There are 2 protein chains.
Amino acid sequence: MKDVAARAGVGLKTVSRVVNAEPGVTPETERRVREAIAALGFRRNDSARVLRKGRTASIGLVLEDLADPFYGPLSRAVEEVAREHGALLINGSSAEDPDREQELALALCARRVDGLVIIPAGDDHRYLEPEMAAGVATVFVDRPAGRIDADAVLSDSFGGARDGVAHLVAGGHRRIGFIGDRPRIHTAAERLRGYRAAMEDAGIPVDERWVSLGVTDPGRVRRAAEEMLSGPDPVTAVFTGNNRVTVTVLRVLAELDRPVALVGFDDIELGDLLRPGVTVVAQDAALLGRTAAERLFRQLDGAAAAPERIVLPTRLIERGSGELSPAPAR
Amino acid sequence: MKDVAARAGVGLKTVSRVVNAEPGVTPETERRVREAIAALGFRRNDSARVLRKGRTASIGLVLEDLADPFYGPLSRAVEEVAREHGALLINGSSAEDPDREQELALALCARRVDGLVIIPAGDDHRYLEPEMAAGVATVFVDRPAGRIDADAVLSDSFGGARDGVAHLVAGGHRRIGFIGDRPRIHTAAERLRGYRAAMEDAGIPVDERWVSLGVTDPGRVRRAAEEMLSGPDPVTAVFTGNNRVTVTVLRVLAELDRPVALVGFDDIELGDLLRPGVTVVAQDAALLGRTAAERLFRQLDGAAAAPERIVLPTRLIERGSGELSPAPAR
């Protein structure tokens, strides 16, 4: 800290103010201090114990949507790890809005969290570089960071989707639909890539009317499903890109007078009790959260090496809906 | 603030430190300041704007379980209201542990939240009195506060359960089971009271083997359900006390070779797609959250009157499982 103060030409108290996001520092001075920090590689986690003596450690979790059931077990796992380390978990959600993600992440930094676990909504995280340089531990989960080098813990969206679609192909389907989230979301793009790879592996050209990406609200998903399920050559199977899509497509299929196969990405509660049971590509949300949080605390302990991307496998669970044969041509 | 400082015999800065939970105040001084605050009815929300100029407003939400789907829409609604008021939402969960609830609520106060929305795990909230006296706005939701006078926004657990059980009675059932959460949880006790009231209204004496309260983990709930569904005089209908219980009882019923009626408290996703559909007493989790958060911001605006208890109605949704007739006696 003394070196930072000397290099920036300010007092120790000013460095402390900048690091702890306290008021009373002009933008110009803050810039000088941040440059000195960046130049010297000053890590807040080394000094944080002293600077923030007496405070409870805390970590922030930036979620996408507090109401999406996929994030429930993930949040709980992050909180459990935080608790094992005596830290408080503070979280909030971006509602899939990159500006809101940035605002929330920086507000958490201003409140002096020791680290951040982020499910990113945006694809440019350079805004976090000063915070990371100042020692805020950072791990991305579910989706990777954009334009910065940072730890990420992901599910194998590509491989999982490829396996799920290959399972439908193996069951005799050739006209297979894909309904997913907006393509700028990393997981949605990866799952679409998995769909295309499985179709290509099977030598099936993809009719672009079988592919629909967009917001996952029930209205949009319902229209997409109804469209690819109607007409002279409807799809005989659907691969759904996440649990929000699956739930709506299940409702559409329940209204049809013919069986249509379904494999969904993400497990869903009660999916085993429906008839047929819902075949899914399950990811382990709790393990994602736990792995990300443990990685974060390793960073805080100064034990982390270079940023890494950890990819967790998915698991195909056959329950009936994905094993339905193609309906005979009409 | 001047009056508080004068009464406590300290400087203004010391009062500010105590109110903002900053270090550098001895316990004895802090006690004197808090006493002066209590005696004078000093409200932090009056002075907070000045004391904390330049900070983002924030409110804390103390949940019971981040992974319970009931709390997803509730949390999101609180966050939406916070956002409408330009405030950040910080939350964490108590895991149904009163000590952890207290630790979390006080940690949020130490981080200078402007208000707290609490789903309480404990039944003694006197620990919050100094914070409330110092101006931290406080609203309890889903369950009321214990041993203090505070705003609470609740669902009509008693009336909802009574209606649901009366619906089963009207369908011809007399041997009706009740499986609920631990009796020290307010909602669980109220729903049991509703069950007993409906049975009494119908002149049906309750066999205590039909009633089972305890943790909602699948193992305990499964054993309770299997027990009341076996023997020479099994129940012909079950009322489940919350969505966690309902999900497990649905699995038990799916394995039976006879129809058993079910009405569950809380709606559950995909409950409409099961056969039969799941009849529920639905509460509006989003409205609970929104009402509580709006009440909190009214307190912060100084517009709230004396503490109130607001009770929101529930809604019986008939989908089939609650309309099954009693199986003929064996």
Selection from region A:290-311 of residues that are buried (at least 16 other Cβ atoms within 10 Å of the Cβ) and part of a helix (DSSP H, G or I):
A:ARG290, A:THR291, A:ALA292, A:ALA293, A:GLU294, A:ARG295, A:LEU296, A:PHE297, A:GLN299, A:LEU300
Scope region B:200-219; condition over 16 Å from B:GLY180 (Cα atoms) and hydrophobic (A, V, I, L, M, F, W, C); matching residues
B:ALA202, B:ILE204
Taking the conditions exactly as written (at pLDDT below 85 and in contact with a helix residue (DSSP H, G or I) (Cβ under 6 Å, 6 or more places away or on another chain)), does B:ALA133 satisfy them or not?
no
Quickly run through region A:257-279 and pick out the residues that are more than 13 Å from chain B (Cβ to nearest Cβ) and free of Cβ contacts under 8 Å to residues at least 60 places away in the same chain.
A:ASP257
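Conditions (1) β-branched (Val, Ile, Thr); (2) within 25 Å of the chain's Cα centre (by Cα); (3) surrounded by 17 or more Cβ atoms within 10 Å (Cβ to Cβ), marked per residue:
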site	(1), (2), (3)
A:ASP233	no, no, no
A:LEU256	no, no, no
A:ILE268	yes, yes, yes
A:GLY271	no, yes, yes
A:PRO276	no, no, no
A:LEU288	no, yes, yes
A:PRO313	no, yes, no
Considering only residues that are part of a loop (DSSP other than H, G, I, E, B) and in contact with a strand residue (DSSP E or B) (Cβ under 9 Å, 6 or more places away or on another chain), which ones fall in region A:235-269?
A:VAL235, A:THR236, A:GLY241, A:ASN242, A:VAL260, A:ASP266, A:ASP267, A:ILE268
Looking for something in contact with a Gly (Cβ under 6 Å, 6 or more places away or on another chain), more than 13 Å from chain B (Cβ to nearest Cβ) and modelled with pLDDT of 80 or more - is there at least one such residue anywhere in region A:91-99?
yes
List the pairs whose first member sits in region B:196-210 and is in a helix (DSSP H, G or I), whose second member is charged (D, E, K, R), and whose Cβ atoms are under 6 Å apart, counting only residues at least 6 apart or on separate chains?
B:ALA197/B:ARG162; B:ALA198/B:ARG162
State which residue is surrounded by the fewest Cβ atoms within 10 Å (Cβ to Cβ) when the search covers only region A:63-112 and only residues that are free of Cβ contacts under 8 Å to residues at least 24 places away in the same chain and over 26 Å from A:ARG17 (Cα atoms).
A:GLU84
Lone unmet requirement of (1) in contact (Cβ under 8 Å) with a residue 60 or more places away in the chain; (2) farther than 24 Å from B:GLY86 by Cβ for B:ALA137
(2)
Going by the conditions given, is A:GLY264 within 21 Å of the chain's Cα centre (by Cα), in the same structural domain as A:VAL136 (by TED's automatic domain parsing) and not hydroxyl-bearing (Ser, Thr, Tyr)?
no
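Within region A:216-226, can one find any residue that is outside any loop (DSSP other than H, G, I, E, B) and in contact (Cβ under 8 Å) with a residue 60 or more places away in the chain?
Of all residues in region A:216-226, those outside any loop (DSSP other than H, G, I, E, B) come to A:218-226.
Within this subset, residues satisfying the condition of being in contact (Cβ under 8 Å) with a residue 60 or more places away in the chain are none.
There is no residue in region A:216-226 that is outside any loop (DSSP other than H, G, I, E, B) and in contact (Cβ under 8 Å) with a residue 60 or more places away in the chain.
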Condition set part of a helix (DSSP H, G or I), in contact with a strand residue (DSSP E or B) (Cβ under 9 Å, 6 or more places away or on another chain) and of a type in the set (Gly, Ala, Ser), scope region B:63-90, selection farthest from the other protein chains (Cβ to nearest Cβ): answer is B:ALA82
With respect to the numbered conditions (1) assigned by TED's automatic domain parsing to the domain that holds A:LEU108; (2) at pLDDT below 90, which one is the sole condition not fulfilled by A:ARG49?
(1)
For region A:68-95 the number of residues that are over 17 Å from the mean Cα position of the chain (by Cα) and of a type in the set (Asp, Glu) is 2
Residues satisfying the stated conditions in region A:143-185, i.e. more than 22 Å from A:LEU250 (Cβ to Cβ), outside any loop (DSSP other than H, G, I, E, B) and of a type in the set (Val, Ile, Thr)
A:VAL153
Quick check on my filter: what residues within region B:120-140 are under 20 Å from the mean Cα position of the chain (by Cα) and either within 14 Å of chain A (Cβ to nearest Cβ) or among the small types (Gly, Ala, Ser) (or both)?
B:ALA121, B:GLY122, B:ALA137
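Does B:VAL252 qualify as being surrounded by 22 or more Cβ atoms within 10 Å (Cβ to Cβ) and either away from every other protein chain (no Cβ under 14 Å) or farther than 20 Å from B:ILE204 by Cα (or both)?
Working: surrounded by 22 or more Cβ atoms within 10 Å (Cβ to Cβ): no; either away from every other protein chain (no Cβ under 14 Å) or farther than 20 Å from B:ILE204 by Cα (or both): yes.
It is false that B:VAL252 is surrounded by 22 or more Cβ atoms within 10 Å (Cβ to Cβ) and either away from every other protein chain (no Cβ under 14 Å) or farther than 20 Å from B:ILE204 by Cα (or both).
Of the residues B:GLY171, B:GLY115, B:GLY164, only one is of a type outside the set (Lys, Arg), more than 30 Å from B:ALA36 (Cβ to Cβ) and either crowded, with 24+ Cβ neighbours inside 10 Å or free of Cβ contacts under 8 Å to residues at least 24 places away in the same chain (or both); which?
B:GLY164
State yes or no: is A:THR246 at pLDDT 95 or above and away from every other protein chain (no Cβ under 11 Å)? First the steps, then the outcome.
Details: at pLDDT 95 or above: yes; away from every other protein chain (no Cβ under 11 Å): no.
No: the conditions fail for A:THR246.
The values are calculated or read from the model by the stated rules, or taken from the named source; none is laboratory data. Fair warning: this is a prediction, and the values are worked out from it, not measured in the lab. A quick note on method: Cβ atoms are made from the backbone with ideal geometry, for glycine too, and the neighbour counts reach across all protein chains shown.
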